[in-house]
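The values are calculated or read from the model by the stated rules, or taken from the named source; none is laboratory data. Computed from a predicted structure; not experimentally measured. Virtual Cβ from ideal backbone geometry, glycine too; neighbours counted across all protein chains shown. Just the protein is used for accessible areas: all its heavy atoms, side chains included, with ligands, DNA and RNA removed. Shrake-Rupley method; radii C 1.70, N 1.55, O 1.52, S 1.80 Å.
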Amino acid sequence: MKKIFSTFLIAFLVVGFSFAQADSDSLKTTKIESKAGTIEASIYLTKIVNDKVPVTIIPERFKQDTVIYRLPKVIPGTYAISDFGNFIDDFKAYDKKGRELDFTRKDENSWMIPNATKLRKITYLVNDTFDVENTEGIATPFSPSGTNIEEDNFLLNLHGFIGYFEGFQNSQYQLDITSNPKFNSASALQMVGEEFSKDSLTATQHYYAPRYFDITDNPMMYGDFEIEEFQVGNIKVYLSVYSPNKIYKAIDFKETMFEMMKAQKAYLGDINSTARYDIFLYLSEMNETSPSGFGALEHHTSTVVVMPESMPIEALKKSMVDIVSHEFFHIVTPLSIHSEDVHYFDYYEPTFSKHLWMYEGVTEYFATLFQVDQGLVSEDDFYNKIMSKIQNASMYDDTMSFTEMSENVLISPYQENYANVYEKGALIGMCLDILMREESDGQRGILSLMKELSLKYGENQPFDDEALFTIIEEMTYPSIGEFFKTYVVGSTPINYSYYFEIVGLEFSEGQVETNYIMNNGELILEPTANGTIRFLDLVLENSFWKENGALPNDVIFEINGTKVTMATAEQIFTEVYMWEPGPEVEVKLLRGDEEIIIKTELTQSYTKGNGLQSEKYASPVKLEIRDSWLKG
Ligand SMILES: [Zn+2]
């Protein structure tokens, strides 16, 4: 996954999650799986009641006395609790004569049915997660893993609709989706048939999922949206775009996504690939019932992206390249290279691998590096990105062991440091890459290592979490083992200049690019006691605001027509955080009683800070290593 963190939030918005311990009594069953034949799951998009979708589950006969039906508490690729069971209403269990059976709701996600041998059918209604994302006090899943139920759009992250019987995660599913025949639909899941009602008012599509994992791994979109297709090598890509106000069309992103994936394929070379890949882009209107967790979640053959619909096209394209390339690179890890925790994922009581440095860090590093490797960005752009990762990483606990954080990611203080996987995690990937280039005279790097690991393991063979560092050290060099011990397992902060020196780079002081709410990762605004947000002294060192006359203590009253309140701040400043030069903005400031209006075109903002530049007299050896690093 990749989450666009408004670092603003980390700094001062309190997240209302409570990590209540699940009651782990006798409910927990072992991982021995038996087959319950085929589980038939039906979703009726044509029969919505009060914004809820009816679902019917028909299992084959159970031989055991008691069975537990669960919706996932956590889903793969996310590192937080989702509790999809919270969105289920009106749960009912029936016998073959249609009589209701008793059941007990054991916790948010579990229903225990004592008369399992009599169970024939389960029905319930599903609420969407997007509607309540902005409701205070309700913990909701990360938007790209969430669900949307609206007249003209259904985002079906199927794990929000369909659960599993404990112990029967390996049973196959027949999935039927009944919808309006006028709707578009897209899914990477295999469709095995389609029927229309006699009056042609409904259509039912039949899909096949070999096991529950395939239900969680194959999101779908139904409704009024656009699909574009293009071919990248042997991959057929489907780009589905839902823009509620019809601001964007799928065609607007087609060329950018094509160029990006072509470059990714060229960068990856002969790593195994899929025949079909789906990109689902859901653009958020940013009102009360729209999603606000921007970013994306990866699947084996698709990704769901959620972004603000109000973003200007150039900024949106740029973000899409960063985000979708990250998700596509997940094909390497964890989708192909992963530990047992990932392979035998427990949706109810998951354990977490030590290796987020690799799953998220190396993936994010690839998404950054391939752009310079394939000439999509300049070397200077790449250096700026690396520098901003160093700056962003400084906001997290630099002495926290990455492996310890990874294994304990659901709980404090680790959860608050999770997002560092996209900053320091990527830098860990970079240091390993440079070290391997140095050791091998430029012949090997992190990409070749990942290819070797994917040949050794691959999608169907997990590695032993405890042994991975030793295995990599054996495959590479003692210095790599030392690096893991000191900087990934250990708590020593990384001295980045040591690695830059290997490739003939050094820090330079001067003006560096920054965004519009921070200087070098330091916020230039803060909330006040009376619920407004004002500029700090640092605003004078942010060139955009300074040039436009903003002063310390100015209250930020309104941005592009939306009033800034504590309720709207999260969305507004997430958007400001993602602003790119180009479009016109209008900002109203209050200076005492005076209203100041800044109406101007956005220009790149700069602040004082460290950049990265070539050493004046870098040796030919260093230049060669640099070249192999940046240009494969
Ligand atoms: Zn990711």
Along the charge dipole of the chain, Cβ charges K/R +1 and D/E -1, which of Ile271, Ile88, Ala426 sits furthest on the positive end? Ile88
What length, rounded to one decimal in nm, is gained on full extension from Ser497 through to Thr399, with 0.36 nm per residue of separation minus their alpha-carbon distance? 33.5 nm
Which residues' amide hydrogens lie under 5 Å from the amide hydrogen of Asn519, considering only partners 5 or more residues apart or on another chain, with H built in the peptide plane? Ile524
Using the Karplus curve 6.51 cos²θ - 1.76 cosθ + 1.60 with θ = phi - 60°, what ³J(HN,Hα) values do you get for each residue of the range 560-572, in whole Hz, with x for Gly and Pro? 6, x, 9, 6, 7, 10, 4, 6, 9, 4, 4, 5, 4
Mind scanning Lys47/Lys198; Lys2/Lys451; Lys47/Lys236; Lys318/Lys389; Lys3/Lys47 and naming the pairs with a C-alpha gap bigger than 27 Å? Lys47/Lys236; Lys3/Lys47
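If I compute solvent accessible area with a 1.4 Å probe over the protein chains, what percent of it on the chain is carbon and sulfur? All intermediate terms of the calculation are to be shown ahead of the outcome.
Working: 12240 of 25860 Å².
The value for the chain is 47 percent carbon and sulfur by accessible area.
Can you tell me how much longer the chain between Ser448 and Lys318 gets when fully stretched, taken as 0.36 nm per residue apart minus their C-alpha distance, in nm with one decimal?
Numbers: separation 130, 0.36 × 130 = 46.80 nm, distance 2.71 nm.
Result for the pair: 44.1 nm of gain on full extension.
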Could you please state, rounded to a whole Å, how far the C-alpha centre of the range 393-462 is from the C-alpha centre of the range 170-237? 35 Å
Under 5 Å between amide hydrogens, which residues at least 5 positions from Phe557 or on another chain qualify, with H placed 1.01 Å from N in the peptide plane? Lys588, Leu589, Leu590
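May I ask you to order 246-253, 289-296 by the average number of other C-beta atoms within 10 Å around their residues, highest value first? Before the final figure, lay out the partial values.
Details: 246-253: 16.1, 289-296: 23.4.
Descending packing order for the listed peptides: 289-296, 246-253.
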How much length, in nm to one decimal, is gained on full extension between Asn460 and Tyr208, taken as 0.36 nm per residue of separation minus their Cα-Cα distance? 88.7 nm
Dipole-positive endmost among Gly293, Met307, Val237 within the range 229-502 (Cβ charges, Cα centre): Val237
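May I ask you to derive the FRET efficiency for Phe196 and Asp270 from their Cβ-Cβ distance with R0 = 41 Å, giving the value to the nearest 0.05?
Numbers: r = 44 Å, r/R0 = 1.06.
With a Förster radius of 41 Å, E is 0.40.
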Per-residue HN-Hα couplings for the range 67-75, Karplus 6.51 cos²θ - 1.76 cosθ + 1.60 at θ = phi - 60°, whole Hz, x for Gly and Pro? 9, 10, 9, 10, 9, x, 7, 9, 10
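Enter the accessible area per residue of the range 35-226 (Å², integer; probe 1.4 Å; all protein chains in place). If you can, show how the numbers build up before the last one.
Working: 7620 Å² over 192 residues.
With the other protein chains kept in place, the range 35-226 gives 40 Å² per residue.
With every protein chain present, what is the per residue accessible area of the range 229-502 (1.4 Å probe, Å²)?
Working: 9340 Å² over 274 residues.
Averaged over the residues of the range 229-502, the accessible area is 34 Å².
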For Arg276, which sequence-distant residues (separation of 5 or more, or a different chain) have an amide H within less than 5 Å of its own amide H, given hydrogens modelled in the peptide plane? Lys236
Inter-label distance, nm, simple model (7 Å from Cα along the C-beta direction), Glu288/Asp152: 2.1 nm
Please list, in order along the range 590-602, the HN-Hα scalar couplings obtained from phi with the Karplus expression 6.51 cos²θ - 1.76 cosθ + 1.60 (θ = phi - 60°), rounded to whole Hz, x for Gly and Pro. 10, 10, x, 8, 7, 9, 10, 10, 9, 10, 7, 7, 5
